[in-house]
Amino acid sequence: MDAKSIALLEFPAVRDRLAAATNFPPGRTLAEALLPSADPVVVARTLDETDQTRDLLAERSTVGIGSAHDIGPATERAARGGRLDPGQFLAIAETLEAVAQLSMALTDERRPLLRDLARDLHPLPALRSVLSRSFDLVGELLDSASPRLGGLRVAVRVAYDRLRRRLEALVQTESASGALQEALVTLRNGRYVVPVKAEARSRIKGIVHDASGSGQTLFIEPLVAVEMGNAWREAQAAEREEVERILDELSALVAANAIQLRESLAALARFDLWSAKARLAAEMDGLRADTATRSDVVLLGARHPGLSGRVVPIDIRLGDGYTALVVTGPNTGGKTVTLRTLGLLALMHQSGLHVPAESGSRLPIFRDVLADIGDEQSVAQSLSTFSGHLRSITRIVEAAGPETLVLLDELGAGTDPTEGSALAQALLDHFIRAGALVAATTHYAELKAYAHTTPAARNASVEFDLDTLSPTYRLSIGLPGGSQAFAIAARLGLPATIVDDARSRLTETQRTFEATLASLRAAEGETSDALERARAAEVRAADALHQAQEERRTARRERDQVVATARAEAERVVADLREDVRETRRALERETVTARSLDAAVEGVEARLTELPTTETPAEPVAAPVEPRTWHLGDRARSRSQGWEGRVAALERGGRRITLEAGGLRITADPGDLEPALGGEPAVPPEETLAAIWPSERSSMSSARDRRAERPSRRERGDAIRSARGASGGVTREPTPTAASGSLGLERARSVASSLDLRGARVEEALEVLERYLDDAALAGLDRVTVVHGLGTGALRDAVRRLAGQNPLVRELRPGERGEGGDGATIVSL
């Protein structure tokens, strides 16, 4: 990308903040070298790095590189055969400890980039163990560094102690005689000596190693201590030789692991950079902008990273229907900041950094970002401001094209306004034709008119508060802004006569243009306020809808739990009931049952039935008021209360009564009970269906409820049925007198069919018919019957199976198989 534009847009300042957020030199080096990329794959990966590391640090803020050091120079020295000093070994040991900690934290990480980075971290436990045994916390070699080093150090200490004791004894002896200048032992040239007076030189035999400046004191190593001093020096030399050997050996071990150390150091540096990007994003309250698939810029609530204090966010849109944005407004109003914000955030996005903006922001991947911002005047190069800008613009014209962003500050300024505005319009036309996105600032009214009349361009303005003479820094797209020169001059105290004279010199066209702009801005302000209120209301409505949906989901879960619990309990009771019925049936087959035991069995079954759980049916939601509908002959309608469908055959009483034709029958209904039918064949009323299929129930279904009230209880009917069976050769017992015993005779049983078709019937009436049918089938001695209920919604099927399963006359039931009606039929064994 263009290096000059990167500098003009202040990207190096962001890079410096990033480098300051790193924790050790290799990471800082990577941060200082960070540059935007034009490769979408690279940009996506670097943004993923920031995302994943930011998420990790939000969960575990203690994860980091610890006390890692830049061990690169030490590793390279060892790889070339050099000897490392203890401090370098200590740095390597601490770095390997940091590698081990980070590797442990990232090994099981669910985020792929962090997990991949962990593969480049090599803790090298063997090397780490050797170094920990060899050096203490301050970098000194331990006695355990080698088998010989401890013994050699003991020898050095023994030799030293013998030497010191001999010299201290000599000092005590000679100090009494006055031969010593001071009663002490000191060190000269690595040898221990005593200070002897020059005139007493002959009294102490030894080697003179030094003399005082006055010559009055000689520093003599007594002969009695020379051999001991030699032994001490020899022990020191042996220790030093062993230490050097150990350091050489450890350096060779580091060299053998140089590749892994380099990879670990690079991985630590990358993680340090990623962590710095994450911390910078949190510091700026930034987020990852969506990557646009086309040249389309949407920045919502964007803030310039270099601004401090109260920063007013701005919205910038460019590329959606227009590719040129002309920003106008007063000086110090924020026009240049708008350009810098747009360009800098684009560079940050393509560097893998989060941008200070709000959710919904979107940026494309630009091939290049080209900017001409600031004063290009140069005395050394004999360039005026206009000439300097023109040189930069010439360079930009050559490089601009598709997938480029062009930012031009004060386009056409610095020369004659007429010629400058004409040149500015020609440049904007060129950039639009070249396919670049361009944003430019200007004060020229001609450019405002150009942006208004050019389809590919839009006006934008930075707002200015005339009451306080201060900019609001808000950007409004769609309307140009005024320079406010007259208003500012008047507010700052310029005589009104001069200001009025200046206004009078404007042409009528200019005055009309400015007045029109003022009225448009006022209308735009009102519209913006209304839009903000609408947006706030939309947010509140969305929150309320979300809360209502959550409450509805919670209610559904609770209802499902209650139903599931009740169903499980019912299934348990029914299973027990069926087992009791089977036991009773087996007793009947053995003909060993007595009347008392049979009564006890029936009472037990009824007691079990009372154990069936009951759940309150949730209240049906109140339907919204239905607007009155005008019905016409031939319309298809459905009765809400009865469920019948048919065509409107007649309208009576001016449409207040409607006759529906369904299955050959005519039904009168209230218009308020009808709703439009979805189509299909008209549903046949249950009376018609049952009367056609089961002749024994040909009587009107409307009397079913009356018959139910007159019918005996289930126990009474069971007693009567068993009595009837006993009369025909079954169980011998005295029949129980019941209200139904006379009605349940064998005359009717002889005409019972082996199947019952309930399709089209309402559930309540179908169950009434089914109960009577099972009684008759049992009296007729049928072992198995077929109940046809169809598929439909499944409500009738479930009701039939539930009732049949609770009937004491039913031994077992199952869905029909292929050839028996499938799940649309139920096979009942009696």
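The values are calculated or read from the model by the stated rules, or taken from the named source; none is laboratory data. Here the structure is a predicted model, which means the values were calculated and not measured. Please note: Cβ atoms are built from the backbone with ideal geometry, for glycine as well, and neighbour counts cover all protein chains shown. We work out accessible area using only protein heavy atoms, side chains counted, and drop any ligands, DNA or RNA first. Shrake-Rupley method; radii C 1.70, N 1.55, O 1.52, S 1.80 Å.
Structure above, values below:
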{"item": "All-pairs Cα distance distribution in region 395-435, expressed in whole percent, bin size 5 Å", "result": "6, 23, 30, 22, 13, 6, 1"}
{"item": "Kirkwood-Stokes translational diffusion coefficient of region 45-125, alpha-carbon pairs, 20 °C, 1.002 mPa s, µm²/s", "result": "153 µm²/s"}
{"item": "Taking the C-alpha atoms of region 1-74, convex hull volume expressed per residue in Å³", "result": "119 Å³"}
{"item": "Computed over region 175-267: relative contact order in percent, which uses C-alpha pairs under 8 Å that are six or more apart", "result": "18 percent"}
{"item": "Counting all C-alpha pairs of region 43-184, share separated by more than 25 Å (%)", "result": "55 percent"}
{"item": "Rounded to whole Hz, the Karplus (6.51, -1.76, 1.60) HN-Hα couplings of region 101-113, x for glycine and proline", "result": "5, 5, 4, 5, 6, 9, 4, 9, 5, 7, 7, x, 5"}
{"item": "Solvent exposure ordering (accessible area, 1.4 Å, most first) of VAL243, VAL298", "result": "VAL243, VAL298"}
{"item": "Estimated FRET transfer efficiency (ILE207, ARG157; beta-carbon r; R0 25 Å; 0.05)", "result": "0.55"}
{"item": "Per-selection Kirkwood Rh - region 290-443 (Cα, Å, 1 d.p.)", "result": "16.1 Å"}
{"item": "Spatially proximal lysines relative to LYS448 (Cα-Cα < 22 Å; intrachain offsets below 8 disregarded)", "result": "LYS335"}
{"item": "Charge dipole of region 289-340 about the Cα centre (unit charges at C-beta), most positive-ward option of LEU325, THR293, GLY306", "result": "GLY306"}
{"item": "Approximate shape of region 221-376 as ellipsoid semi-axes (Cα gyration tensor, √5λ), whole Å, largest first", "result": "64, 20, 13"}
{"item": "Relative contact order of region 246-326, defined on C-alpha pairs under 8 angstrom at six or more residues apart (%)", "result": "19 percent"}
{"item": "Percentage of interatomic Cα-Cα distances in region 386-463 larger than 15 Å", "result": "53 percent"}
{"item": "Gyration tensor verdict on region 107-212 (Cα atoms; rounded if a/c is under 1.5, prolate if a/b is larger than b/c, oblate otherwise)", "result": "prolate"}
{"item": "Ranked by how many other beta carbons lie within 10 Å on average, peptides 229-241, 408-420 from highest", "result": "408-420, 229-241"}
{"item": "Whole-number percent relative contact order across region 7-100, with pairs defined as alpha carbons under 8 Å at least 6 apart", "result": "24 percent"}
{"item": "Lys, Arg +1 and Asp, Glu -1 on Cβ, resulting dipole of region 1-99 about Cα centre, debye, nearest 20", "result": "280 debye"}
{"item": "Which of MET104, MET284, MET348, MET228 is most accessible, then next, and so on - probe 1.4 Å", "result": "MET104, MET228, MET284, MET348"}
{"item": "Pair ILE667, ARG540: separation of 7 Å Cα→Cβ label points (nm)", "result": "4.7 nm"}
{"item": "Equivalent ellipsoid semi-axes, region 159-252, via Cα gyration tensor eigenvalues times 5, rooted, Å", "result": "33, 14, 9"}
